[in-house]
Amino acid sequence: MRPAAATTIITITMTDAPTPPLPLREGDGGRGRHDQSPAPRKPAAPHPHPSPRALLRLLAWLSPAFPTGAFAYSHGLEWAVESGDVQDGPSLEAWLRDVLAHGAGRSDTILLRHAHAAAHDPAALAQITELAIATSPARERRSEALDQGRAFLLAAAPWSATSLPPRTPYAVAVGALAGAHGIDADDTAAAYLQTFAANLISAAVRLVPLGQTTGLRVLAALEPEVLAIAAATANATLDDLGGAAFRSDLAAMRHETQYTRLFRS
């Protein structure tokens, strides 16, 4: 009798223990047990790191040493300093946040992304170029984009730059060249915005004047804004172009008749 009791106990123990579900196997004729456990959630695909060559090219093309003449443009900031809108680090940071989120920062990144996607489509690039020129809010702002675009294409010739016309805005030129070389659009957008902000901070350091440490604090504080705008423009269409940085646009217009000027915009 003892062996029977032992057998019974073993049977109960096996029934009470959790049994892993059995997946259907080929050849079971549908009689196997279905796996009722929830499917494992696949982790989100990590953003691929740029290749070493892509990283080197972005660093070269968007370096302050790349001869685009960016140091000569303040994007209207010179008038903002004279009028008292920008006087110190906090006011500079507030000004740049608006320019990035509601002004040229966002609009240029949309244009850059579309130029990146159309890098091998000359007709589409021509339309993007025309739209970029037409949406410039002031004469100096248009010259700022076109002059830097022309200089950028000339300087990028050693990398077999795309056959864009000289009259190409800077953001379009950067996007098209990065797209032609297969450099990731998200990386290009973030790097472009960072370079744009850093150039205006450099102008403010000279104009206010600010210490370099203050300028770097502002640049560090703008990192979340740069990344957010780069991400927000990923699915933007050309119909989303536009802005509400009216004070910045007015500064660009007022700068044209400013009496004393160090910068070309």
Q.
Assuming 0.36 nm per residue, please report the length gained on full extension of the stretch Asp240 to Gln87 beyond their Cα-Cα distance.
A. 51.9 nm
Q | Length-normalised contact order for the stretch 88-238 - Cα pairs under 8 Å, 6+ apart - percent | A | 36 percent
**Q.** Principal axis dimensions, largest first and in whole angstrom, of the stretch 185-250 by Cα
**A.** 39, 29, 15
(Q) Rounded to two decimals, what is the ratio between the C-alpha radius of gyration of the stretch 218-265 and 2.2 N^0.38 Å? (A) 1.59
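Tell me the net charge near Leu153. Cut-off is 12 Å between Cβ atoms, Leu153 excluded, with +1 for each Lys or Arg and -1 for each Asp or Glu.
Overall, the nearby charge balance is +1.
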Q. Net charge near Ser51, counting Lys/Arg +1 and Asp/Glu -1 over other residues with Cβ under 12 Å of its Cβ?
A. 0
Q) Per the 1.4 Å probe, what fraction of the accessible area of the stretch 104-250, in percent, lies on carbon and sulfur atoms? A) 56 percent
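Pairs of alpha-carbon atoms within less than 8 angstrom and 6+ residues apart define the contacts here; what relative contact order does the stretch 104-187 have, in percent?
About 43 percent, as a whole number.
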(Q) As a test question: what accessible area, to the nearest 10 Å², does Phe263 have when a 1.4 Å probe is rolled over all protein chains in place? (A) 20 Å²
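The values are calculated or read from the model by the stated rules, or taken from the named source; none is laboratory data. Fair warning: this is a prediction, and the values are worked out from it, not measured in the lab. As a convention, Cβ positions derive from the backbone with ideal geometry for all residues, glycine included, and neighbour counts pool all protein chains shown. In case anyone asks, the SASA skips ligands and DNA or RNA and just uses the protein heavy atoms, side chains included. Shrake-Rupley method; radii C 1.70, N 1.55, O 1.52, S 1.80 Å.
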